[in-house]
1. Could you run through region 266-280 and say how many residues are within 21 Å of residue 118 (Cβ to Cβ) and surrounded by fewer than 20 Cβ atoms within 10 Å (Cβ to Cβ)?
2. Right, residue 241: touching a helix residue (DSSP H, G or I) at 6+ places or on another chain (Cβ under 6 Å) and on the phi > 0 side of the Ramachandran plot or not?
3. List the helices (runs of 4 or more DSSP H) inside region 175-258, counting only whole elements, that have at least 3 residues being crowded, with 23+ Cβ neighbours inside 10 Å.
4. Scan region 74-103 for residues that are surrounded by fewer than 24 Cβ atoms within 10 Å (Cβ to Cβ), within 17 Å of residue 138 (Cβ to Cβ) and touching a helix residue (DSSP H, G or I) at 6+ places or on another chain (Cβ under 8 Å) and report the count.
5. Considering only region 121-162, state which residues are surrounded by fewer than 19 Cβ atoms within 10 Å (Cβ to Cβ) and closer than 22 Å to residue 247 by Cβ.
6. Please work out which residue is farthest from residue 66 (Cα to Cα), limiting yourself to region 104-118 and to residues that are in contact with a helix residue (DSSP H, G or I) (Cβ under 6 Å, 6 or more places away or on another chain) and within 16 Å of the ligand (Cβ to nearest atom).
7. Given the criterion closer than 28 Å to residue 173 by Cβ, touching a strand residue (DSSP E or B) at 6+ places or on another chain (Cβ under 9 Å) and modelled with pLDDT under 95, identify the matching residue among 70, 103, 82.
Ligand code: HPA
């Protein structure tokens, strides 16, 4: 008997392959602030998630949901405009299905982006943080269940989820485009509620620098199947209890929009350097 999760992944992947001839080398998940990243790409093909039978589609009002296939500085890229989150009620296997699908399309490298709350007191809203490592013990692992042997091992090593060479590339990219970056540990919590001040203190005590509701599970699934992973968070707000005002999704969106230009520049230069150093 086949594995239900693997069969769904293959069915969705084949559905995309039947529509799209593009062969990506880099996968990119666009978080808050990068919603209009399409402008930075020479888009050659697009595919709405809703056109792929069984593919998880976001329930959040106003969220876009499509794949963009195209070139960033001559590097073939598949970008996800919109992702689904665990808090929407999807199984973890569905949350990471798109990540795995992009890996099966041929992307060897994945760049994950998101909005996150700043937990480190040295951060300020609007900072960009290169992810050095993550903590996911507060959400279920996407690898729970029968192992998908076709993708990777039962007990995958997670000692370097965020690839060292890619971290150096991000640092160099930041220098090249004169965007200052922070670095730190991303902690994934389930959401959809923002955390309590006590939970943020827990996060800080555990070694987290930023708190978010996506990304780390995607990083794990990508690492499991042997992709090279990197990630950048936009620190949209100081996390709960760290500033006088209550948390608000509008503030998150406004900060993400305010730094979008720098975020886009950094991602584009990162992809250019990946093309030059890794693929070239
Ligand atoms: N917590 C969790 N996720 C977030 C936050 C936060 O403060 N800001 C943006 N995404």
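The values are calculated or read from the model by the stated rules, or taken from the named source; none is laboratory data. For clarity, every value in this text was computed on a predicted model and none was experimentally measured. Note that each Cβ is placed from the backbone with ideal geometry, even for glycine, and that neighbours are counted across all protein chains shown.
1. Taking region 266-280 first, the residues within 21 Å of residue 118 (Cβ to Cβ) are 266-267.
Now drop any that are not surrounded by fewer than 20 Cβ atoms within 10 Å (Cβ to Cβ), which leaves none.
Of the residues in that region, 0 qualify.
2. Numbers: touching a helix residue (DSSP H, G or I) at 6+ places or on another chain (Cβ under 6 Å): yes; on the phi > 0 side of the Ramachandran plot: yes.
For residue 241, the condition - touching a helix residue (DSSP H, G or I) at 6+ places or on another chain (Cβ under 6 Å) and on the phi > 0 side of the Ramachandran plot - is met.
3. The helices (runs of 4 or more DSSP H) meeting that bar are 216-224.
4. Result for region 74-103: 4.
5. Those that are surrounded by fewer than 19 Cβ atoms within 10 Å (Cβ to Cβ) and closer than 22 Å to residue 247 by Cβ: 121, 122, 124, 126, 135, 138.
6. Selected residue: 115.
7. 82 is the lone residue from the list that is closer than 28 Å to residue 173 by Cβ, touching a strand residue (DSSP E or B) at 6+ places or on another chain (Cβ under 9 Å) and modelled with pLDDT under 95.
Yes/no per residue for (1) in contact (Cβ under 8 Å) with a residue 24 or more places away in the chain; (2) out of contact with any helix residue (DSSP H, G or I) (no Cβ under 6 Å at 6 or more places or on another chain); (3) away from the ligand (no atom under 15 Å from the Cβ); (4) farther than 13 Å from residue 269 by Cα:
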| position | (1), (2), (3), (4) |
| --- | --- |
| 155 | no, yes, yes, yes |
| 159 | no, yes, yes, yes |
| 184 | yes, yes, no, yes |
| 191 | yes, no, no, yes |
| 196 | yes, yes, no, yes |
